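> First, the structure itself, so that you have it in front of you.
We did not get these values from a lab; they are worked out from the coordinates using the rules stated. On a predicted model such as this, the values are computed, not experimentally measured, just so you know. We place every Cβ from the backbone using ideal geometry, glycine too, and count neighbours over all the protein chains shown.
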Amino acid sequence: MLDQKLNFFFKPVLIKFSNTLLKYQISPNQITLFSFILGIFSFIFLSLGMIYIALIFFILNRFFDGIDGTLARLKKPTDLGGFYDIISDFLIYALLPFGFILFDNDNFLSMSLLLTSFIGTCATFLTTAWIFEKNKIKIEQPSKKSFFYSEGLIEGAETIILFILMFVFYEVASFIAWIFALLCFLTVIIRVVKVSKILNSIN
């Protein structure tokens, strides 16, 4: 929901940084791997209770996740790059709720529900992209992704914001996770209804 606005805001910085990386012949996939490693460190520090260090690594993870896509578009996006990027994102997003459980066992119910809701958002996200590609359905989107990007209440920007809130206000991380999960389930419903209407209209 906020992705397009934030992408527009950060785009100049990402492009400038990516152009610097191009001079050193650094590939998007190398940045994806580096971003993933940063995310793993965020999970480790979170599980150890080092919340603010974990937050720093998470922010760096998200920054370089933006860099790899920008770098790819400056060169040439590839299916393999998109594949690595999606796997990296989903694994990090799944590890963080687990990290909050390891940090505080009292978080287990809310974080478990949040992980369950992620299954719904991931499933609708990926199956929509697959179905649209399979049926060659074209819908104009401002950002040039390597696949159809299914919108909803919870997208990349909202996910980042809510995780940051969970880090900063870790005493009420469980409460934020309940809200996060609810918004994810609403996103699932919105996507199912939207995609059903589109597919019914072309059949």
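> Taking Cα pairs under 8 Å and at least six residues apart, what relative contact order does the chain come out at, in percent? Provide the component values of the computation, followed by the final result.
On the way: 207 pairs, mean separation 51.1, N = 203.
25 percent.
> What is the distance in Å between the Cα centres of region 88-139 and region 62-81?
21
> Continuing with the same structure: Dipole of region 1-126, Cα-centred, from +1 at each Lys and Arg C-beta and -1 at each Asp and Glu C-beta, to the nearest 20 debye? Spell out each step's value before the answer.
Numbers: 8 positive and 8 negative charges, 134 e Å.
Dipole size: approximately 640 debye.
> Still on this model: Can you give the extra length, in nm with one decimal, that the chain gains between Leu165 and Leu199 once fully stretched, where that is 0.36 nm per residue apart less the Cα-Cα distance?
Numbers: separation 34, 0.36 × 34 = 12.24 nm, distance 3.66 nm.
Answer, rounded to one decimal: 8.6 nm.
> Now, a different point. Go through Ile59, Leu21, Phe167 and say which Cα lies farthest out towards the positive end of the charge dipole of the chain; charges sit on Cβ, +1 for Lys and Arg, -1 for Asp and Glu.
It is Leu21.
> Further question on the same structure: With n ≥ 4 as the cut-off for DSSP H runs, can you work out [θ] at 222 nm for the chain, using -39500 (n - 2.57) per run divided by the number of residues, rounded to the nearest 500?
-27500 deg cm²/dmol
> Let me ask you something else. Which semi-axis lengths, in whole Å and largest first, follow from the square roots of five times the eigenvalues of the Cα gyration tensor of region 58-110?
Numbers: eigenvalues 184, 26, 6 Å².
Equivalent ellipsoid semi-axes, largest first: 30, 11, 5 Å.
> Can you give the FRET efficiency for Phe83 and Ser112, using 1/(1 + (r/R0)^6), R0 = 30 Å, r = Cβ-Cβ distance, to the nearest 0.05?
Numbers: r = 28 Å, r/R0 = 0.93.
Once the sixth-power term is evaluated, E becomes 0.60.
> Now, a different point. So between Ile56 and Leu186, what do we pick up on full extension, going 0.36 nm a residue minus the alpha carbon distance?
Numbers: separation 130, 0.36 × 130 = 46.80 nm, distance 2.93 nm.
The Ile56-Leu186 span can extend by a further 43.9 nm.
> Still on this structure: For the charge dipole of the chain, defined by +1 on Lys and Arg C-beta atoms and -1 on Asp and Glu C-beta atoms about the Cα centroid, which residue among Cys184, Pro77, Thr124 has the Cα displaced farthest towards the positive pole?
Pro77
> I would also like to ask the following. So what's region 33-131 giving for Cα Rg divided by 2.2 N^0.38 Å, two decimals? The partial results should precede the final answer.
Working: Rg = 14.8 Å, N = 99, 2.2 N^0.38 = 12.6 Å.
Taking the Cα Rg and dividing by 2.2 N^0.38 Å, one obtains 1.17.
> Towards the positive end of the charge dipole of the chain, with charges on Cβ (+1 Lys, Arg; -1 Asp, Glu), say which of Val195, Ile154, Ala94 has the farthest Cα.
Positive-most Cα among the choices belongs to Val195.
> While we're here: Whole-Hz ³J(HN,Hα) for each residue in region 37-54, computed from phi via Karplus 6.51 cos²θ - 1.76 cosθ + 1.60 with θ = phi - 60°, x for glycine and proline: what do you get?
4, 4, x, 5, 5, 4, 4, 4, 5, 4, 5, 8, x, 8, 4, 6, 5, 4
> Given Cα pairs under 8 Å that are at least 6 residues apart, what percent is the relative contact order of region 36-99?
Working: 42 pairs, mean separation 27.2, N = 64.
In percent, rounded to a whole number, it is 43.
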